[in-house]
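Chemist: My questions will all concern the structure given below.
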């Protein structure tokens, strides 16, 4: 298998961003396991391209390019800050542009950042159902991190680091298995 294409959608609306820092650490973990290249789409930068569109046809080239990038990921990393118990509105708005089958079988690592532990179930109650709708293959281990786990530039809490490594391993294994199945289908 050649280099894996990792595509990150980071729901951060500002910069610097703890959410983007978490995404970058996930990408690093995948890169330690297999050759990979990453494309990162922070919503803070995508907002002008997608914010006022109501339909994919209304997107400019930057918005359409982001959609194509996401649809062709070998591994999708979807991370968001938690606002009012859920992902950001713009994060959901981006995924509203996708055809329901566009992300079918793509391995997805789910992550979220929040101010405290009370939002830890956002991965199970908000993110996993969203990607389940698309038929994406979310890996079992999600990563939730709080401000207490952040040292100002990186997440350093041992539990968060372990979850990052586990999710990365699960996603790489899923991507390799999917690539093998697709190769077998081509050969048949």
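The values are calculated or read from the model by the stated rules, or taken from the named source; none is laboratory data. Note that the coordinates shown come from a computational prediction; the quantities given were computed from them, not determined experimentally. Counting neighbours? That spans all protein chains shown, and the Cβs are built from the backbone with ideal geometry, glycine included.
Chemist: Sort through 85, 11 and tell me the only one that's touching a residue at least 40 places away in the same chain (Cβ under 8 Å), crowded, with 20+ Cβ neighbours inside 10 Å and closer than 20 Å to residue 128 by Cβ.
Modeler: Values: 85 fails: crowded, with 20+ Cβ neighbours inside 10 Å.
That would be 11, the only listed residue that is touching a residue at least 40 places away in the same chain (Cβ under 8 Å), crowded, with 20+ Cβ neighbours inside 10 Å and closer than 20 Å to residue 128 by Cβ.
Chemist: Continuing with this model, one more query. Those residues that are touching a strand residue (DSSP E or B) at 6+ places or on another chain (Cβ under 8 Å), assigned to a loop (DSSP other than H, G, I, E, B) and over 26 Å from residue 124 (Cβ atoms), I need them from the stretch 51-106; list them, please.
Modeler: Selection gives 72 alone.
Chemist: Answer yes or no: is there a residue in the stretch 122-131 that is surrounded by fewer than 21 Cβ atoms within 10 Å (Cβ to Cβ), free of Cβ contacts under 8 Å to residues at least 40 places away in the same chain and more than 23 Å from residue 30 (Cα to Cα).
Modeler: Yes - at least one qualifying residue is present in the stretch 122-131.
Chemist: Just need a number here: residues in the stretch 138-153 that are surrounded by fewer than 17 Cβ atoms within 10 Å (Cβ to Cβ) and modelled with pLDDT of 95 or more. Even if it seems obvious, please write down each step before you answer.
Modeler: Looking only at the stretch 138-153, we keep the residues that are surrounded by fewer than 17 Cβ atoms within 10 Å (Cβ to Cβ), and these are 140, 147-148, 151-153.
If we keep only those that are modelled with pLDDT of 95 or more too, we end up with 140.
Of the residues in the stretch 138-153, 1 are surrounded by fewer than 17 Cβ atoms within 10 Å (Cβ to Cβ) and modelled with pLDDT of 95 or more.
Chemist: Here's a follow-up. Any idea which residue in the stretch 6-30 is nearest to residue 179 (Cα to Cα), counting only those that are in contact with a strand residue (DSSP E or B) (Cβ under 6 Å, 6 or more places away or on another chain) and not in a helix (DSSP H, G or I)?
Modeler: Among them, the one singled out is 6.
Chemist: Within the stretch 107-130, can you find the residues that are assigned to a helix (DSSP H, G or I) and either closer than 16 Å to residue 9 by Cα or touching a strand residue (DSSP E or B) at 6+ places or on another chain (Cβ under 6 Å) (or both)? First the steps, then the outcome.
Modeler: Our first condition is that a residue be assigned to a helix (DSSP H, G or I); within the stretch 107-130, this holds for 117-119, 122-130.
The answer is 122, 123, 126, 127, 128, 130.
Chemist: If you go through the stretch 131-166 one residue at a time, how many are part of a helix (DSSP H, G or I) and farther than 20 Å from residue 118 by Cβ? Before the answer, list the steps.
Modeler: At the first step, the residues of the stretch 131-166 found to be part of a helix (DSSP H, G or I) are 131-133, 147-149, 158-166.
Remaining after also requiring farther than 20 Å from residue 118 by Cβ: 131-133, 158, 161-162, 164-166.
Within the stretch 131-166, residues that are part of a helix (DSSP H, G or I) and farther than 20 Å from residue 118 by Cβ number 9.
Chemist: If you don't mind, another one. Quick one: residue 35 ticks every box in (1) surrounded by 14 or more Cβ atoms within 10 Å (Cβ to Cβ); (2) at pLDDT 90 or above except a single one, so which number is it?
Modeler: (1)
Chemist: Also, I was wondering about something else. For the stretch 36-54, name all the residues that are free of Cβ contacts under 8 Å to residues at least 24 places away in the same chain and more than 16 Å from residue 7 (Cβ to Cβ).
Modeler: Step one: of the stretch 36-54, the residues free of Cβ contacts under 8 Å to residues at least 24 places away in the same chain are 45, 48-49, 52, 54.
Once the filter is applied, which keeps residues that are free of Cβ contacts under 8 Å to residues at least 24 places away in the same chain and more than 16 Å from residue 7 (Cβ to Cβ), the stretch 36-54 yields 48, 52, 54.
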